[in-house]
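So the structure is just underneath, and the comments pick up after that.
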Amino acid sequence: MFIFSAYKIYDMVYFDYYLLMKYHFFQYYYPEVEEVYKNRKYGYNIKSQLLKLLIFFPAASALAAWICSLFVK
């Protein structure tokens, strides 16, 4: 669960905020996406991000732990 959570927090902070919103990384290298990211604000998909962080990732971790526990004797 730690790996999933660390990945999602890194994605939300580094990729979404710094690369997309602050430094306009993709807009610099791909100018055709300028119109897509023009009026977006940070957190435009925060509901889906938090849903993954708080519901799906713990459930997937619990399922993986349960499956691994079946094979350990």
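All of the numbers you see were taken from the coordinates with simple rules; none came from a lab. Predicted, not measured: the structure shown is a model, and the values here were computed from it. When we count neighbours, we look across all protein chains shown, and the Cβ atoms used for this are built from the backbone with ideal geometry, even at glycine.
By the scheme Lys and Arg +1, Asp and Glu -1, what is the net charge of all other residues having a beta-carbon under 12 Å from that of Ala60? After counting each charged neighbour, the total is +2. Taking the C-alpha atoms only, the angle from helix 57-71 to the longest principal axis of the chain is near 30 degrees.
Farthest toward the positive end of the dipole of the chain, out of Ser69, Ser5, Phe57, is the Cα of Ser69, where the dipole comes from beta carbon charges about the Cα centre. Above 14 Å lies some portion of the pair distances; for segment 2-71, what is it as a whole percent of all C-alpha pairs? It works out to 66 percent of all Cα pairs.
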